[in-house]
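Chemist: Quick one: this structure, given as structure tokens, is what I'll be asking you about.
The values are calculated or read from the model by the stated rules, or taken from the named source; none is laboratory data. Here the structure is a predicted model, which means the values were calculated and not measured. Because the Cβ atoms are built from the backbone with ideal geometry, glycine has one as well, and the counts that use them run over all protein chains shown.
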Amino acid sequence: MEALAADDPRQIGAYTLRGRLGEGGMGRVYLGRSPSGRAVAVKVVHPHLARQSGFRRRFGHEAAAVRAVSGAFTAPIVGADAEADPPWLATLYVPGPDLAEAVAKAGPLPTPSLWPLAAGLAEALQDIHAAKVLHRDVKPSNVLLAADGPRLIDFGIARALDGTVLTTTGVVMGTPGFMAPEQIDSGEQTPAGDVFSLGAVLAYAATGHGPFGEGPPLALMHRILHAEPRLDAVPHAVRDLVADCLAKDPADRPGPAHILHRIAASWSPPEQWPASTPWPRAITLLLPHHAVPDSGARQPGGPEATTAPAGPDTRELTRRMTEAEQTTRTIGPPAAARIMEQLAADQARVLGPDHPDTLNSRHGHAWNLGQAGQYALAEELLERVAADRARVLGPDHPDTLNSRHSRAWVLGQAGRHEEAAALMESVAAGRVRALGPDDPDTLDSRHGHAWNLGLAGHHERAAELMGRVAADRARVLGPDHPDTLRSRRSYAWNLARTGGGGAAGLRPPGGPPR
């Protein structure tokens, strides 16, 4: 949350504003407090929208329609005024990161967390549709992860089924990458469109990427219309459900009730849930940053207490982390290692030792030590980071696997090729599970496994495995990609040492190719 700016209002309706939460296409969102002390999110409409002809009438109809929505996994409206200057709408405040922030900072959700996410969002859509409302913009930033489960928020651009709209004529509402094909093609809006968006959100939660990739909006919309979603990295347990939600034909998609029935056939919430959080530890560590700040007791008749902005330590750490990411690539490994070591120590003090940012900096410190040739210390530190990431994030989390891969690389650089090969093989298997067999990181670990086998003297096995890696890289990356060529050179080098051909001349000076 940001502190209120000088030009921000201090009071909207009955709500005292305490800070800025964010800004979207319809307006700016503030954290507010009701007279009874409830925390609320107050969305204040942009002035240029409020001036549009007929906007206030449409906004009033929309707010009235959304007031009918209730349910455990939505943020209900507690107040609205279409005639105010400017118009505003208030919902209960949900203390938690949105899904986009959670995935960016903590990585994709593990399968045990995907089930409660899917169930909560499906139940939310069921409640929304029962009130004859469409959400129309189900996306990661509109999914909040509270301690007791997800909340589907932001009905400011929803549309009542009677045809009331909250946009100017001709504007396509939605977010590229999460819009249904019929929404793109003809502007058709139905509950099935929200289900398609739900499938895209679940794919994003499971992999960290939208099912139709990234890129310009027009490219994304073209893929949604004409290409199949990429679901290779979505866990098998939920893949079929996600694929059915992403069916091109709206008639082929399951409704929210059917989704809940299918989830119940595969997953049962633990007896203590929601008393215990459904999220992994890395996400629960983000929750305190979204708690309502304590502004002190208010004395009757006395001045309103002010809200303290985020602590200077937190803001300074964010700035330093951004700066470190930009500069450590150019200042050389020894200096980069020192920067990351100090940053990790300060992050541990302010954020906690298990915070994802702290773990990222610890990994960066160890990695740069390895790049500087301090293999023994780097290997020891990477082993610790990998263990801590496995505990906090899970053993198959991409960050955990990255630390293990980096440790295997350091072992290889130190000449401990048997150990490096065994660890690379294990990491490759984990990356197949987490990322899919064709992910470039998976192929990189497979290459590292074969490369270290060759340096350990197992040339025949190394040549066999490296040949497969080279073929797969050619198929996935292209025959002339540098990684493909690197695998082909390593294959030739190992093959030459088995007596399998005159490929020894392909060995570059200075040692075996990597």
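Chemist: Say whether the condition of being in contact (Cβ under 8 Å) with a residue 60 or more places away in the chain and at positive phi is met by at least one residue in the stretch 98-116.
Modeler: yes
Chemist: Here is a further query. Given the condition in a helix (DSSP H, G or I), under 19 Å from A100 (Cα atoms) and either aliphatic (A, V, I, L, M) or touching a strand residue (DSSP E or B) at 6+ places or on another chain (Cβ under 9 Å) (or both), answer yes or no: does some residue in the stretch 229-243 qualify?
Modeler: Looking for residues that are in a helix (DSSP H, G or I), under 19 Å from A100 (Cα atoms) and either aliphatic (A, V, I, L, M) or touching a strand residue (DSSP E or B) at 6+ places or on another chain (Cβ under 9 Å) (or both), one finds at least one in the stretch 229-243, hence yes.
Chemist: What is the number of the single condition among (1) of a type in the set (S, T, Y); (2) over 25 Å from K43 (Cα atoms); (3) modelled with pLDDT under 90 that T167 does not meet?
Modeler: Exception for T167: condition (2).
Chemist: Something else about it: Residue pairs, Cβ under 8 Å, 6 or more apart or interchain, first in the stretch 351-364 and touching a residue at least 12 places away in the same chain (Cβ under 8 Å), second of a type in the set (S, T, Y). List them.
Modeler: What qualifies is L351/T314; L351/T358; G352/T358; H363/S403; H363/S406; G364/T328.
Chemist: Just the residues that are touching a Leu at 6+ places or on another chain (Cβ under 8 Å) and assigned to a strand (DSSP E or B), please, taken from the stretch 12-32.
Modeler: Of everything in the stretch 12-32, those that are touching a Leu at 6+ places or on another chain (Cβ under 8 Å) and assigned to a strand (DSSP E or B) turn out to be L17, R18, G19, R20, L21, G27, V29, Y30, L31, G32.
Chemist: Do the conditions hold for V103, that is, is it assigned to a loop (DSSP other than H, G, I, E, B) and within 27 Å of the chain's Cα centre (by Cα)?
Modeler: Taking the combined requirement at face value, the residue does not satisfy it.
Chemist: For residues that are basic (K, R) and either within 28 Å of A122 (Cα to Cα) or crowded, with 20+ Cβ neighbours inside 10 Å (or both), scanning just the stretch 57-69, find the one that is nearest to the chain's Cα centre (by Cα).
Modeler: R67
Chemist: Oh, and also: If I ask for residues that are over 17 Å from D439 (Cα atoms) and part of a helix (DSSP H, G or I), which ones from the stretch 206-227 would you list?
Modeler: P217, L218, A219, L220, M221, H222, R223, I224, L225, H226
Chemist: What do you reckon, is V29 modelled with pLDDT of 90 or more, of a type in the set (A, V, I, L, M, F, W, C) and outside the structural domain of L144 (by the TED database)?
Modeler: Answer is yes for this residue.
Chemist: Which is farther than 17 Å from P95 by Cα, in the same structural domain as P86 (by the TED database), aliphatic (A, V, I, L, M) and surrounded by fewer than 21 Cβ atoms within 10 Å (Cβ to Cβ), of A39, A72, A50?
Modeler: A50
Chemist: Still on this structure, I have one more. Tell me, yes or no, whether the stretch 23-30 has at least one residue that is more than 14 Å from I77 (Cα to Cα) and of a type in the set (F, W, Y).
Modeler: Yes, that holds for at least one residue.
Chemist: Can I ask one more? I'd like to know if the stretch 68-88 contains one or more residues that are in contact with a Leu (Cβ under 9 Å, 6 or more places away or on another chain) and among the polar types (S, T, N, Q).
Modeler: Yes - at least one qualifying residue is present in the stretch 68-88.
Chemist: How about the stretch 333-428: which helices (runs of 4 or more DSSP H) wholly inside it have at least 3 residues that are under 21 Å from L453 (Cβ atoms) and not acidic (D, E)?
Modeler: Because the criterion is at least 3 residues that are under 21 Å from L453 (Cβ atoms) and not acidic (D, E), the helices (runs of 4 or more DSSP H) in the stretch 333-428 that meet it are 398-413.
Chemist: On the basis of being small (G, A, S) and farther than 17 Å from E182 by Cβ, does A233 make the cut? Can you show your working first?
Modeler: Working: small (G, A, S): yes; farther than 17 Å from E182 by Cβ: yes.
So A233 fits the description; yes.
Chemist: Residues to consider are A90, A64; find the one that is more than 22 Å from P278 (Cβ to Cβ), assigned to a helix (DSSP H, G or I) and either not assigned by the TED database to the domain that holds T400 or not acidic (D, E) (or both).
Modeler: From the options A90, A64, the qualifying one is A64.
Chemist: Quick one: which of R262, R230 is surrounded by 12 or more Cβ atoms within 10 Å (Cβ to Cβ), modelled with pLDDT of 80 or more and over 25 Å from H129 (Cβ atoms)? Lay out the reasoning, then the answer.
Modeler: Values: R262 fails: over 25 Å from H129 (Cβ atoms).
Every option except R230 fails the conditions.
Chemist: May I pose another question? If you check D441, D472, which single one turns out to be charged (D, E, K, R), in contact (Cβ under 8 Å) with a residue 40 or more places away in the chain and not assigned by the TED database to the domain that holds P110?
Modeler: Step by step, each of D441, D472 is checked, and only D441 is charged (D, E, K, R), in contact (Cβ under 8 Å) with a residue 40 or more places away in the chain and not assigned by the TED database to the domain that holds P110.
Chemist: I'd like the residue in the stretch 71-93 that is free of Cβ contacts under 8 Å to residues at least 60 places away in the same chain and under 27 Å from the mean Cα position of the chain (by Cα) and, out of all such residues, is nearest to H129 (Cα to Cα).
Modeler: Restricting to residues being free of Cβ contacts under 8 Å to residues at least 60 places away in the same chain and under 27 Å from the mean Cα position of the chain (by Cα), the top hit is G71.
Chemist: Going through R384, R349, R391, R433 one at a time, which residue ends up being surrounded by fewer than 17 Cβ atoms within 10 Å (Cβ to Cβ) and either β-branched (V, I, T) or within 18 Å of A106 (Cβ to Cβ) (or both)?
Modeler: R391
Chemist: Here are some conditions: (1) hydrophobic (A, V, I, L, M, F, W, C); (2) over 27 Å from T442 (Cβ atoms); (3) in a loop (DSSP other than H, G, I, E, B). F196 meets all but one. Which one does it not meet?
Modeler: The number of the failed condition is (3).
Chemist: A follow-up question, please. Residues being outside any loop (DSSP other than H, G, I, E, B) and of a type in the set (F, W, Y): count how many of those fall in the stretch 126-157.
Modeler: 0
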